[in-house]
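Heads up, the thing below is written out as structure tokens.
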Amino acid sequence: MTVGLLADGVGYSERAMFRQLSDLYAKLHVRNRMEALMYGRERGRL
């Protein structure tokens, strides 16, 4: 799913969604979506 589609789905602008994702990646100590997915999978969240 693209960031634009994700943003539309939750009612954010694309720029706001990028900001939200960046904040999430920082909290998880990952650099991108793939690392975030691997983080979640390793911890049984996905």
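Coordinate-derived values only; no laboratory data. Everything quoted here is computed from the prediction, not taken from an experiment. Using ideal geometry, Cβ is built from the backbone for each residue, glycine included, and neighbour counts are taken over all protein chains shown.
Below, the figures for the structure above:
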item: Any pair with Cβ under 7 angstrom, 6 or more apart, that starts in segment 15-34 at a residue that is touching a residue at least 40 places away in the same chain (Cβ under 8 Å) and ends at one that is among the charged types (D, E, K, R); result: none
item: In segment 22-46, the residues that are farther than 21 Å from residue 7 by Cα and assigned to a helix (DSSP H, G or I); result: 38, 39, 41, 42
item: Residue check for residue 40: exposed (fewer than 10 other Cβ atoms within 10 Å of the Cβ) and free of Cβ contacts under 8 Å to residues at least 60 places away in the same chain; result: no
item: Residues of segment 5-21 that turn out to be in a helix (DSSP H, G or I) and either within 18 Å of residue 36 (Cα to Cα) or of a type in the set (Ser, Thr, Tyr) (or both), as a count; result: 7
